[in-house]
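Notes to accompany the following structure.
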Amino acid sequence: MAKIITVFGATGGQGGGVVDALLTDPAFKVRAVTRNVNSDKAQKLKARGAEVVAANVDEPDSVKAALKGAYGCFVVTNYWDHFDAARETKQGKDAVDAAKEVGIKHFVYSGLENVQRTLGIPCEHFDSKAAVEEYLQQSGLPFTSVRFSLYFDNFTTILVPTKVGENKFALNLPMGSVPLDGVAVRDGGEVIHQIFVKEKEFMGKFVGIGGDRLTMEQYAAILSKHLAPKKFVDGKITVEQYKALGFPGATEMGNMFDFYQRGNPERNVELCRQLHPKIRNFEQWVLDNKDALNKATS
Ligand SMILES: NC(=O)c1ccc[n+]([C@@H]2O[C@H](COP(=O)([O-])OP(=O)(O)OC[C@H]3O[C@@H](n4cnc5c(N)ncnc54)[C@H](OP(=O)(O)O)[C@@H]3O)[C@@H](O)[C@H]2O)c1
């Protein structure tokens, strides 16, 4: 009998990748969660063979209904929907409680580290997920927590290189000379599929999902190589300068980069490549996304 996996965030980046990967494997059946079963994305998932169900992580009864009868689940919550750490922690803890009630056999959670405890500075979208990881650990539920690296995809959305001259762009990610782990968000899905397949190996474990680990200068060199005549450089922005940019979430993101520099996040590119040999490094991702990168920097 195929195992039903309830996938939260199925219409988004992380969950979408999990759905893609699970749909290739007849050992699993996908139950895709969305708030709007009538959206184009939800309808497309249905057409590809997923069961699509409505649930809202702010409504525990709906979460419980989406989990009932499933073998496992992938749970991701979206801090950036509301910028409210307490709300994100409640969403995660409620999902843990619901999973326990219905007897989920493998709860895969998209977590992150506790920055407050590591560096003594808050980073809400990490700390809120770390609180859920701890709750999950204490719950007795069989679980794996996966921690995504920064998405390469951000270079076409929220971290588009800044134009600093004719055909010249600066990467303004405050990393100093410390390498930054990155991943194509949807590639994480196959890693998570393999975690469900090899569940015994991964029960109770924390898996850092990454496809590459490069300095800002190396990121810039790869972009320059493939988007010529555009030239990309490390903007050498500091964490303090980044936080002073003043956009909503600038301090939050600045503290995240501070953690990436000083907190030793463990992302395991080698393990991810063993689980998913086709996981892309940055260069491969750039080659696949030249049009989107050119558009973002036009
Ligand atoms: N950007 C990065 O580099 C990065 C790196 C590591 C971790 N993260 C974390 O990734 C998380 C976001 O994941 P993502 O990038 O996959 O998000 P995304 O692509 O923006 O998609 C968000 C998903 O969450 C669902 N959703 C939002 N609110 C919901 C609710 N109340 N109830 C049920 N479903 C809800 C949406 O479904 P519907 O709209 O269909 O309901 C959608 O599928 C954030 O918490 C962030 O901290 C991001």
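The table for this structure:
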| item | result |
| --- | --- |
| Contact order normalised by residue count of region 3-137, Cα under 8 Å, 6+ apart, percent | 21 |
| Theoretical gain in end-to-end length, Lys225 to Ala296 [0.36 nm per residue, Cα-Cα removed] | 23.9 nm |
| Å² of accessible area per residue within the chain, as computed with a 1.4 Å probe and no ligands counted | 45 |
| Radius ratio Rg over Rh of region 1-131, counting only Cα atoms, Kirkwood formula for Rh | 0.99 |
| For region 159-298: rounded, prolate or oblate by the Cα gyration tensor [a/c cutoff 1.5] | oblate |
| Estimated dipole of region 3-296 in Debye, rounded to 20 [Cβ of Lys and Arg +1, of Asp and Glu -1, Cα centre] | 660 |
| Lys163-Met1 FRET efficiency (beta carbon distance; Förster radius 45 Å; 0.05 resolution) | 0.25 |
| Accessible carbon and sulfur surface of the chain relative to its total accessible area, %, 1.4 Å | 50 |
| Residue-averaged 222 nm ellipticity for the chain, from DSSP H runs of 4+ at -39500 (n - 2.57), nearest 500 | -12500 deg cm²/dmol |
| Members of Lys44/Lys168; Lys129/Lys278; Lys41/Lys225 lying beyond 30 Å, as alpha-carbon distances in this model show | Lys44/Lys168; Lys41/Lys225 |
| Cα-centre dipole for region 122-163 with unit charges at Cβ (Lys and Arg positive, Asp and Glu negative), debye to 20 | 200 |
| Cα→Cβ-extended label distance, 7 Å offset, between His82 and Lys236, nm | 4.3 |
| Convex hull per residue volume in Å³, alpha carbons only, for region 3-296 | 126 |
| Sorted peptide list for 141-152, 283-294, criterion being average Cβ within 10 angstrom, highest first | 141-152, 283-294 |
| Counting DSSP beta bridges with both ends in the chain, the antiparallel % (nearest 5) | 15 |
| Computed lengthening from Asp40 to Phe247, 0.36 nm per intervening residue step minus Cα-Cα distance | 71.4 nm |
| Cα principal axis extents for region 102-190, largest first, Å | 58, 34, 19 |
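The values are calculated or read from the model by the stated rules, or taken from the named source; none is laboratory data. Here the structure is a predicted model, which is why all the values come from computation and not from measurement. Neighbour counts run over all protein chains shown; Cβ positions are idealised from the backbone, glycine included. Please note that ligands, DNA and RNA were not included when accessible areas were found on the heavy atoms of the full protein model with its side chains. Shrake-Rupley method; radii C 1.70, N 1.55, O 1.52, S 1.80 Å.
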